[in-house]
1. State which residue pairs qualify: first residue in the same structural domain as Leu15 (by TED's automatic domain parsing) and inside the range 33-52, second residue at pLDDT below 90 and part of a loop (DSSP other than H, G, I, E, B) in any location, beta carbons under 8 Å apart, and separation of 6 or more residues or different chains.
2. Kindly state which strands (runs of 3 or more DSSP E) lie completely within the range 19-114 and contain at least 1 residues that are within 20 Å of the chain's Cα centre (by Cα).
3. Just to check your reading of the model, which residue among Ile163, Ile246 is part of a loop (DSSP other than H, G, I, E, B), closer than 26 Å to His107 by Cα and within 18 Å of the chain's Cα centre (by Cα)?
4. Return the total of residues in the range 105-138 being surrounded by fewer than 20 Cβ atoms within 10 Å (Cβ to Cβ), at pLDDT 95 or above and of a type in the set (S, T, N, Q).
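The values are calculated or read from the model by the stated rules, or taken from the named source; none is laboratory data. Only a predicted model underlies this, so the values are computations on that prediction, with no experimental measurement involved. All Cβ positions, glycine included, derive from the backbone under ideal geometry; neighbour counts span all protein chains shown.
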Amino acid sequence: MIAVTGATGNVGRALVDRLLAAGEPVRALTRDPERAALPERAEVVRLRTEEPAALFDGVTKLFLYAQAVTPQLLAAARAHGVRHAVLLSSGIIADGADETHPIHVLHATAERHIRESGLEWTFLRPNAFATNALQWAPQIRAGDTVRGVYAGARTAPIHEDDIAAVAERVLLDDGHEGAVHRITGPAATTNAGQVEAIGAAVGRDLTFVEVDPEQAGPELFPHVPPQMLGRLLATFRESVGVPPEITSTVERITGTPARPFSRWAQDHAKDFGA
């Protein structure tokens, strides 16, 4: 059996669907099983990090997101027969990175705990998620103008199901133990370009209006903790006009090329009011 933490998140939910389709038994670990709305074939269990021993009976492989990683949980997993942990880490962990950045600290700490756990491990390090564009959904549902920072910031956004596809193969195939897989989308695009692609997907002409970063606040980044906003804006500023990293990891591991942002926008058109 494979246990999936963060099973109601974008990547976790896609991974649960993929594993079930492959005929694998799945234990979906979530903090709110009553609202999980996962497929009936998934065994949905409440994630209690303070009581981890009950989570892993019969589990041999484990998919983790960084916030769920604790030494106690990993020790319980190993004690109950889990052999291989796959972590959804972050592409921010790279040579020359700012090791004081909160996102770096979170994921580097999770990676260290897993390395020290005695489990076999694989780290997935995706860069920008295409789902970050959902931050613009309320504005797009309300009108044809999107206010945001750094219209020219460049990324290679990755479809969440492409991350899940890599995770599926890493969990089901041999040979990924001790590997670090960096994951990106197939092509660079700007923030303004993403909004244009969403407009094409929903059948409307959308306009990106750049906001002075000094004026950006909770209304533009409602899910970003205030203490992290400054560092996040600095990261965006550093990506203006800079070609992003692009990898072939998705195609190399799954045999299928990563999907472009335009495809992601089509897949999520309903989220933007189409």
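1. Note: pairs meeting the criteria are Val44/Ala36; Arg46/Arg31; Arg46/Asp32; Leu47/Arg31.
2. On the way: elements: 26-30, 43-46, 61-65, 84-88.
Counting at least 1 such residues, we get 26-30, 61-65, 84-88.
3. Working: Ile163 fails: part of a loop (DSSP other than H, G, I, E, B).
Answer to the check: Ile246.
4. Residues that pass the stated criteria total 3.
Every residue, every condition in (1) in the same structural domain as Gly148 (by TED's automatic domain parsing); (2) assigned to a loop (DSSP other than H, G, I, E, B); (3) surrounded by 18 or more Cβ atoms within 10 Å (Cβ to Cβ); (4) modelled with pLDDT under 95, yes or no:
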residue	(1), (2), (3), (4)
His223	yes, yes, no, yes
Leu229	yes, no, no, yes
Arg237	yes, no, no, yes
Glu251	no, no, no, no
Gln266	yes, no, no, no
